[in-house]
1. Using alpha carbon centroids, what distance separates segment 72-92 and segment 1-66, in Å?
2. If you place +1 on the Cβ of every Lys and Arg, -1 on the Cβ of every Asp and Glu, and leave all else neutral, what size is the dipole of the chain about its Cα centre, to the nearest 20 Debye?
3. Less than 18 Å apart at the alpha-carbon level, and either on another chain or at least 8 residues along: which aspartates and glutamates does that give for Lys84?
4. Can you give the longest stretch of the chain with no exposed loop site, where a site means chymotrypsin sites (Phe, Trp or Tyr not before Pro) in a DSSP loop (not H, G, I, E or B) with at most 12 other C-beta atoms within 10 Å?
5. Counting only trypsin sites (Lys or Arg not before Pro) that sit in a DSSP loop (anything but H, G, I, E, B) with at most 15 other Cβ atoms within 10 Å, what is the longest stretch of the chain containing none of them?
6. Taking segment 1-70, which GluC sites (Glu not before Pro) meet the DSSP loop condition and have no more than 15 other C-beta atoms within 10 Å?
7. Between Asn2 and Asp94, what is the spin-label point distance in nm, taking each point 7 Å from the Cα along the Cα→C-beta axis?
8. Could you look at the chain and say what percent of its accessible area is carbon and sulfur, using a 1.4 Å probe and all protein chains?
Amino acid sequence: RNKERSLIMIKPNGVQRGLVGEVIKRFEQKGFKLVAMKFTQASEEHMKTHYKDLEKLKFYPGLCKYMSSNPVVPMVWEGLGVVKTGRVMLGETDPAKSLPGTIRGDFSVHIGRNLVHGSDSVESAKKEIALWFKDDEVVTYTAGNNEWIYE
Ligand code: DAT
Ligand code: MG
């Protein structure tokens, strides 16, 4: 219980704009638990796999090229309802529809540069986590603040 996981990834523009700490801060302050993180530049092939569901869409080639053009910060966050709540914290896919207070609403303008990725279901989270992290790169530990976050 409370072990749901989501892949949250800071995109190349989040890294370049110095917003890595800001994104991490929001998930930390919410009370979610960081269980994996890396700083890496992915290959275009890797991004094509990550976004496989979108392969028929016109922006897919440009999206995969962009996402592999510079470093990204993929992370695994754990906690009660983290997939759904993580998406709420991100905002809508289109930053113009994202409310202030959300990450995309506060820090981005264009749909193709919306700063951060978040898994859209528990099932896709499992697939994405397996794509970005080896089993032993996801760390099991007890968070010291656990009893202050869950009843
Ligand atoms: P989300 O990232 O909110 O899950 P998605 O899975 O539908 O959105 O699309 C993946 C990414 O592709 C999205 O974060 C930004 C980009 N994208 C989506 N729709 C786009 C569009 N119409 N034009 C350009 N890029 C788009
Ligand atoms: Mg998506």
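The values are calculated or read from the model by the stated rules, or taken from the named source; none is laboratory data. Note that the structure is a prediction, hence the values are computed from the model and not measured. So basically every Cβ, Gly included, is an ideal-geometry build from the backbone, and we count neighbours across all protein chains shown. Areas reflect the complete protein model, heavy atoms only, side chains present, ligands, DNA and RNA absent. Shrake-Rupley method; radii C 1.70, N 1.55, O 1.52, S 1.80 Å.
1. 10
2. Once rounded to the nearest 20, the dipole reads 340 debye.
3. Straight-distance partners of Lys84: Glu4, Glu28, Glu92, Asp94, Asp120, Glu123, Glu128.
4. Working: sites that count: Phe39, Phe59, Tyr141, Tyr150.
Here the longest segment lacking exposed loop sites spans 60-140.
5. Working: sites that count: Arg1, Lys3, Arg17, Lys38, Lys56, Lys58, Lys134.
Formally, the longest exposed-site-free interval is 59-133.
6. On the way: sites: Glu4, Glu22, Glu28, Glu44, Glu45, Glu55; in loops: Glu4, Glu55.
Answer in residue order: Glu55.
7. 3.8
8. On the way: 4730 of 8770 Å².
Here it works out to 54 percent.
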